[in-house]
Amino acid sequence: MSPTALIFIADGTEEMEFTITYDTLVRAGVKCTSVLVGTTSSPGLATCSRGIRIVPDITLDSINPAESSYNLVVVPGGAKGADTISKDKTVQNLIRKQLDDGRYIGMICAGSLAALTSKLPRQPITSHPSVRDDLKDTFDYQEKSVVVSDKLVTSRGPGTTFPFALTLVSLLCGDAKMLEVRGPMVFPLE
């Protein structure tokens with residue numbers, strides 16, 4: 001059975017972090033579902049940080065966190081989108097349940113604020129520099145491109161999305177699958 005991933009999206013989500021992560025996971029055979037959080041300026045669409053509109057697969061009200069069984073839940077950044085997603089109580093409950101159940105969480109850019117609002121325990125973490133000060137006293141903050149702390153995977157921003165997504169593929173599907181996905185992407189190794 002293929003691994004599954006739930007990827008949050010809201011008005012103001014950083015489109016590179018959303019689409020690159022979603023696309024890379026799909027290339028690895030992960031069944032991805034995008035879920036809209038909050039209200040939007042265009043009904044049924046998420047208007048991302050640079051104006052690109054994306055049609056989410058489902059809305060958050062269709063998910064019961066107690067019954068969630070996704071192998072991975074991803075919180076992309078984008079200041080406005082990350083704020084909406086990280087402050088949502090259903091999202092916070094889902095994140096805590098993911099970790100309680102020993103399943104993966106990915107957070108990138110300002111999406112790492114969800115670790116704070118979900119009251120995750122102190123552990124290594126990274127984020128976009130703009131939210132570093134919000135996280136550095138509560139977590140063991142690191143300036144690395146991707147930080148893996150048990151089941152929590154965090155990353156810095158649009159420029160680190162490929163390494164972030166490939167790390168998620170490696171964790172969910174193994175290194176061989178990650179190499180199989182990375183090759184045709186002609187991802188630079190230098």
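Descriptive notes on the structure:
- Residue match in the stretch 7-14 (condition: of a type in the set (Phe, Trp, Tyr), assigned to a helix (DSSP H, G or I) and either touching a residue at least 24 places away in the same chain (Cβ under 8 Å) or surrounded by fewer than 19 Cβ atoms within 10 Å (Cβ to Cβ) (or both)): no
- Evaluated against (1) touching a helix residue (DSSP H, G or I) at 6+ places or on another chain (Cβ under 7 Å); (2) modelled with pLDDT of 95 or more; (3) part of a loop (DSSP other than H, G, I, E, B); (4) not acidic (Asp, Glu), PRO56 falls short on exactly one condition, (1).
- The stretch 24-44 - residue that is in contact (Cβ under 8 Å) with a residue 40 or more places away in the chain and not basic (Lys, Arg) and, of those, surrounded by the fewest Cβ atoms within 10 Å (Cβ to Cβ): GLY29
- Flag if ALA165 is free of Cβ contacts under 8 Å to residues at least 40 places away in the same chain, within 13 Å of the chain's Cα centre (by Cα) and closer than 30 Å to GLY51 by Cβ: no
- Scanning the stretch 114-133 turns up at least one residue that is closer than 23 Å to TYR22 by Cβ and either at pLDDT below 95 or touching a Gly at 6+ places or on another chain (Cβ under 6 Å) (or both).
- Identity of the residue in the stretch 79-89, assigned to a helix (DSSP H, G or I) and free of Cβ contacts under 8 Å to residues at least 40 places away in the same chain, that ends up nearest to GLU67 (Cα to Cα): LYS89
- Residue in the stretch 155-172 that is surrounded by 22 or more Cβ atoms within 10 Å (Cβ to Cβ), over 24 Å from ARG27 (Cβ atoms) and touching a Ser or Thr at 6+ places or on another chain (Cβ under 9 Å) present: no
- Some residue of the stretch 22-34 being outside any strand (DSSP E or B), more than 19 Å from CYS173 (Cα to Cα) and within 15 Å of the chain's Cα centre (by Cα): no
- Candidate set from the stretch 61-87 (those that are β-branched (Val, Ile, Thr) and surrounded by fewer than 24 Cβ atoms within 10 Å (Cβ to Cβ)); member that is farthest from the chain's Cα centre (by Cα): ILE63
The values are calculated or read from the model by the stated rules, or taken from the named source; none is laboratory data. As the structure is a prediction and not an experimental result, all values here were calculated from the model. Heads up, the Cβs are rebuilt from the backbone with ideal geometry, glycines too, and the neighbour counts pull from every protein chain shown.
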